[in-house]
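The values are calculated or read from the model by the stated rules, or taken from the named source; none is laboratory data. These numbers come from a predicted model, not from an experiment. All Cβ positions, even for glycine, are placed from backbone atoms using ideal geometry, and neighbour counts span all protein chains on display.
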Amino acid sequence: MLVDALKLPAETLVETDICIIGAGAAGITLARELRDRPEQVCLLESGGFDYEEQIQSLYAGENTGLAYFPLKEARGRYFGGSTNLWGGWSRPMDEIDFEHRPWMPYSGWCFPKAELDPYYERAQTACHLGAFEYDLAYWQEALAQQCQVPATTEQLATYLWQIIPCTHLRFGEAYRAQIEQASNITTYLHANVLEIETNDSAQAVTRLWVASSDGKQFSVAAKIFVLAAGGIENPRLLLASNRVQSGGVGNQHDLVGRFFMEHPYLISGKAELSNSAELYTRIKFPVGETFLATGLGLSKEVQEREQILNFGLRLLAIDEWLEAYKRLRSQTQQSVRHKAFPSIAEGRKNAGKSSTIADFIKVASRPDRFADRMTKKLFQQSMAARQFNSCDTHLIGEQAPNPDSRVTLSRDRDKLGMNRVQLDWRLSPIDKYTIARSQQLIAAEFERSGLGKIHVELTDDEATWRSVAGSYHHIGTTRMSSNPREGVVDEHCQVHGIHNLYVAGSSVFPTSGLSNPTLTIVALAIRLADRLKDRLDNSAEISPAVAVQAL
């Protein structure tokens with residue numbers, strides 16, 4: 001059932017069993033896992049089903065650290081969350097990402113990757129991906145029918161991604177019908193949580209204070225609450241809920257909002273390729289109904305030997321004419337979504353790199369290229385299959401947990417009266433060393449293997465690091481730990497010291513790894529759903545708005 005909070009009378013009390021805050025990848029996955037059970041589920045979404053500028057403006061904040069995307073444009077505040085913006089690249093985290101690494105401060109998860117593997121398999125199905133296989137050997141025979149697959153080496157790793165099909169890319173569109181038709185789920189649109197209210201001891205959440213986008217307030221009481229609003233809004237809401245504890249809910253040890261991590265991204269260097277490198281230059285490979293993409297990385301043994309973090313390198317073809325044509329074409333193709341949210345590729349472009357006049361001259365001077373492109377389009381020949389000898393090297397690294405990289409509250413308030421956020425994104429020396437050293441190691445192995453030559457251009461100066469961008473991945477601000485003095489949630493994603501409050505999403509990741517976070521978000525949400533179902537099945541009947549000691 002759907003309810004527009006704009007139509008709710010002020011001071012309404014909604015009573016339910018489970019309340020999920022946020023309808024993005026984590027919230028929608030949780031709701032899907034809990035559908036058609038005896039318990040009533042309330043799903044709160046700040047936006048509607050489409051982009052609305054007034055609601056999106058609630059995300060506005062200030063960047064005070066390393067240059068970062070405007071916060072209002074780095075997330076999606078409507079049903080489906082940031083899955084409305086992404087490209088569907090999916091990959092589980094690596095085994096080493098879960099391990100304690102002596103050279104990496106604050107590393108290690110509460111459990112090994114093997115604990116999450118069964119949930120990764122279920123996440124593959126939930127996301128309509130292929131087999132839960134990310135080893136090159138599994139796909140080698142199928143890939144060999146499309147290109148030459150180089151022999152593996154002990155140092156150089158081939159990283160694989162699977163890409164979610166466009167039919168299921170936007171979770172809000174793909175799963176809306178399931179959520180609407182579920183017998184036990186009520187979704188409230190235009191419902192903005194303002195405060196998490198706890199009892200006097202701050203050991204249980206009693207209710208949420210919520211406002212519709214026109215400012216009318218109501219409340220939600222539940223047995224269990226799950227905060228699934230993303231890596232910036234999760235800490236924002238915890239910090240803003242400071243009526244009982246001055247530092248905010250779950251913040252006894254000043255850890256909420258700390259350890260903000262991204263995947264630092266940099267375009268630096270060129271590659272001259274041999275024909276055998278085609279595996280790494282194609283945008284994607286169709287294998288049956290599965291689409292694969294590749295990148296270059298370094299083995300676990302190399303990471304341990306060099307004491308570096310996880311890292312990936314992708315080779316993307318250089319074609320100045322095509323880039324100029326695409327820039328010109330984009331001038332006449334605007335939509336609300338693209339205007340509000342630049343794509344990752346667009347966000348990384350240097351706006352001053354080429355003028356419209358220069359692009360026009362470049363395109364007009366090569367009418368043969370235009371005819372060639374039109375011919376290819378008519379015959380539906382994919383640009384992905386074209387081969388180029390020269391490529392840019394795109395570098396993406398893991399970021400080490402850093403307590404000084406953090407989300408805090410500013411004094412400015414949004415139209416609903418909530419404090420806006422400040423993001424102080426900071427890199428550590430090991431982050432920069434990882435990017436520089438990893439590119440050098442891959443370049444040496446790339447040439448030794450006969451794949452071509454990578455020209456390293458990266459220099460360790462301030463100008464270079466000022467050009468680092470993020471990847472729209474918000475990780476680590478309510479990190480998982482077995483000890484409440486080291487994190488915000490426990491291994492079950494329950495906030496330390498609070499019986500009925502859980503957090504879902506990448507904000508609980510203790511480390512960022514290299515992989516895009518969404519598949520891990522979905523796997524953890526499925527794991528959390530199983531935890532909640534087990535506890536509800538084995539708990540006594542307890543009325544909403546009462547501390548749930550059994551949970």
Taking the range 72-95 on its own, how many of its residues are of a type outside the set (Asp, Glu) and either farther than 27 Å from residue 127 by Cα or part of a loop (DSSP other than H, G, I, E, B) (or both)? 14
Filter the range 14-36 down to residues that are part of a loop (DSSP other than H, G, I, E, B) and either modelled with pLDDT of 95 or more or among the polar types (S, T, N, Q) (or both), then give me how many there are. 6
Please state which one of 177, 157, 114 is within 24 Å of residue 518 (Cα to Cα) and at pLDDT below 95. 157
Would you point out which residue out of 167, 187 is surrounded by fewer than 16 Cβ atoms within 10 Å (Cβ to Cβ), within 26 Å of the chain's Cα centre (by Cα), over 30 Å from residue 261 (Cβ atoms) and of a type in the set (Ser, Thr, Tyr)? 167
Looking at 314, 282, can you tell me which residue is basic (Lys, Arg), closer than 29 Å to residue 139 by Cβ and in a loop (DSSP other than H, G, I, E, B)? 282
Residues that are closer than 28 Å to residue 74 by Cβ and of a type in the set (A, V, I, L, M, F, W, C), drawn from the range 446-480: 458, 463, 465, 468, 469, 475, 480
Just one of (1) surrounded by fewer than 22 Cβ atoms within 10 Å (Cβ to Cβ); (2) over 17 Å from residue 312 (Cα atoms) trips up residue 75, so point out which. (1)
Filter result for the condition that a residue is under 26 Å from residue 177 (Cβ atoms) and free of Cβ contacts under 8 Å to residues at least 60 places away in the same chain, over 77, 32, 37: 77
Can you name every residue in the range 73-97 that is at pLDDT 95 or above and of a type in the set (Lys, Arg)? 77, 91
Within the range 46-71, residues outside any helix (DSSP H, G or I), in contact (Cβ under 8 Å) with a residue 12 or more places away in the chain and closer than 29 Å to residue 513 by Cα come out as 60, 61, 62, 63, 64, 65, 66, 67, 68, 69
Looking at the range 200-218 only, could you name the residues that are of a type outside the set (A, V, I, L, M), over 26 Å from residue 61 (Cα atoms) and part of a strand (DSSP E or B)? 206, 207
The range 119-148 residues that are over 30 Å from residue 29 (Cα atoms) and without any contact (Cβ under 8 Å) to a residue 40 or more places away in the chain, paired with ones that are among the β-branched types (Val, Ile, Thr) and crowded, with 17+ Cβ neighbours inside 10 Å (beta carbon under 6 Å, 6 or more apart): 140/149
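Taking the options 118, 105, 92, 112, name whichever one is over 19 Å from the mean Cα position of the chain (by Cα) and either within 24 Å of residue 20 (Cα to Cα) or buried (at least 21 other Cβ atoms within 10 Å of the Cβ) (or both).
Unique residue meeting the criteria: 118.
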Residues that are over 20 Å from residue 163 (Cβ atoms) and at pLDDT 95 or above, drawn from the range 311-321: 311
Answer residue from the range 446-474, given it is more than 30 Å from residue 149 (Cβ to Cβ) and aromatic (Phe, Trp, Tyr) and is modelled with the lowest pLDDT among those: 465
Output for Cβ contacts, cut-off 6 Å, separation at least six or different chains, first residue under 15 Å from residue 223 (Cβ atoms) in the range 6-24, second acidic (Asp, Glu) and surrounded by 15 or more Cβ atoms within 10 Å (Cβ to Cβ), reads 17/39; 18/39
Looking at 247, 230, which one is part of a loop (DSSP other than H, G, I, E, B) and either surrounded by 24 or more Cβ atoms within 10 Å (Cβ to Cβ) or among the acidic types (Asp, Glu) (or both)? 230
Would you pick out the residues in the range 209-227 that are buried (at least 21 other Cβ atoms within 10 Å of the Cβ) and among the hydrophobic types (A, V, I, L, M, F, W, C)? 210, 211, 220, 222, 224, 225, 226, 227
Within the range 126-164, which residues are part of a helix (DSSP H, G or I), of a type in the set (Phe, Trp, Tyr) and crowded, with 18+ Cβ neighbours inside 10 Å? 139
Residues (out of contact with any His (no Cβ under 9 Å at 6 or more places or on another chain) and part of a helix (DSSP H, G or I)) located in the range 477-517: 508
